[in-house]
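> First the structure, then my questions, so here it is.
The values are calculated or read from the model by the stated rules, or taken from the named source; none is laboratory data. Everything quoted here is computed from the prediction, not taken from an experiment. Cβ coordinates were reconstructed from backbone atoms using ideal geometry, including for glycine residues, and neighbour counts include every protein chain displayed. Surface areas here come from the heavy atoms of the whole protein model, side chains and all, with no ligands, DNA or RNA. Shrake-Rupley method; radii C 1.70, N 1.55, O 1.52, S 1.80 Å.
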Amino acid sequence: MMDTSTRQRWLALLANSPIDRLLELLPPALPAAPRWLRRAETGLMMLQGRSGGSGARFNLGEISVSRASCQIGQHVGHGWVRGGDGRHAELIAQADALLQDPARQGELMLAWIAPLERELTERRAERSREAAASKVEFFTMVRGE
């Protein structure tokens, strides 16, 4: 039985990785013709927010998403990604199916997931540095009355 949090982690990582990077890493291990249960489709999802982060839910707006599902061997993979890039969703679905195979999971975690995690961490750190560089401190002066 697979750990759900591990699968959630790799799905989130694949969805947040640039498609160009996935096209570099994934194709050598991907099958020539997976069995497609759902070829890439693009549609809309409603985003919900919460007042104050924990208050009442409200509809924030819609976002476009692409999804795909395939079967490789006995494993079914699903891919979801923001935007209209169906190829990205299909790559995620194939990677998800392969990563579920216990015989290949360790090898693929090292080849795909470990480098993508490092790159995502670096991208986030760079964005934090850029945001910190533009930080503005506001203060109030007290009048001497």
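> If you average the C-alpha positions of region 29-67 and of region 123-137 separately, how far apart do those two centres end up, in angstrom?
Taking the Cα centre of region 123-137 as reference, the centre of region 29-67 is 28 Å away.
> On to the next question. Choose one of 88, 58, 72: the residue whose Cα lies farthest towards the positive end of the charge dipole of the chain (beta-carbon charges +1 Lys, Arg; -1 Asp, Glu; about the Cα centre).
Farthest towards the positive end: 58.
> Still on this model: Starting from 0.36 nm per residue, how many nanometres of slack lie between residue 110 and residue 50 once their C-alpha separation is accounted for?
Gain on stretching residue 110 to residue 50: 17.9 nm.
> Quick one: what are the phi-derived ³J(HN,Hα) couplings along region 38-51, Karplus 6.51/-1.76/1.60 with θ = phi - 60°, whole Hz, x for glycine and proline?
8, 5, 4, 10, 10, x, 10, 10, 8, 8, 10, x, 10, 4
> Further, regarding this structure: When the dipole is taken about the Cα centre of region 48-128, and only Lys, Arg (+1) and Asp, Glu (-1) are charged at their Cβ, what size is it in debye, to the nearest 20?
360 debye
> Averaged per residue, what accessible surface does the chain expose to a 1.4 Å probe, in Å²?
Accessible area per residue, the chain: 66 Å².
> Would you mind checking the tilt of helix 114-133 against the longest principal axis of the Cα atoms of the chain, expressed as 0 to 90 degrees and rounded to 10?
That helix lies at roughly 20 degrees to the long axis.
> Still on this structure: Give me the accessible area of residue 120, 1.4 Å probe, in Å² rounded to the nearest 10.
Answer for residue 120: close to 20 Å² accessible.
> Here is a further query. Give the residue list of GluC sites (Glu not before Pro) in region 96-132 that are DSSP loop and have at most 12 other beta-carbon atoms within 10 angstrom.
Within region 96-132, no GluC sites (Glu not before Pro) qualify (loop, at most 12 other Cβ atoms within 10 Å).
> Same structure again: Provide the net charge surrounding residue 110, with neighbours chosen by a C-beta distance below 13 Å and charges set as Lys +1, Arg +1, Asp -1, Glu -1.
My count for the surroundings of residue 110 gives 0.
> Also, quick follow-up: Say each of residue 12 and residue 125 gets a label point 7 Å from the Cα, pointing the same way as Cα to Cβ; how far apart are those two points in nm?
1.9 nm
> For every other residue with a beta carbon closer than 12 angstrom to the beta carbon of residue 125, add +1 if it is Lys or Arg and -1 if Asp or Glu, then tell me the sum.
With Lys, Arg at +1 and Asp, Glu at -1, the neighbours total +1.
> Another question about this same structure. What ranking, highest mean first, results for peptides 131-141, 65-75 when packing means the other Cβ atoms within 10 Å averaged over each residue?
Order by mean packing, descending: 65-75, 131-141.
> For a bin width of 5 Å, list the pair-distance distribution of the chain built from all Cα-Cα distances, rounded to whole %.
Per 5 Å bin, starting at zero, the Cα-Cα P(r) for the chain comes out as 2, 9, 15, 16, 16, 14, 10, 7, 4, 2, 2, 2, 1, 1, 0, 0 percent.
> Hey, another quick one. Note the angle between two axes, namely the Cα long axis of helix 4-15 and the longest principal axis of the Cα atoms of the chain, as a number of degrees from 0 to 90, rounded to the nearest 10.
Tilt of helix 4-15: around 80 degrees.
> Report, to the nearest 10°, how far helix 86-99 tilts away from the longest principal axis of the Cα atoms in the chain, using its own Cα long axis and a range of 0 to 90°.
70 degrees
> Moving to a separate point now. Let me know the charge dipole size of the chain about its Cα centre in debye, to the nearest 20, where only the beta-carbon of Lys, Arg (+1) and Asp, Glu (-1) is charged.
Rounded to the nearest 20 debye, it is 320 debye.
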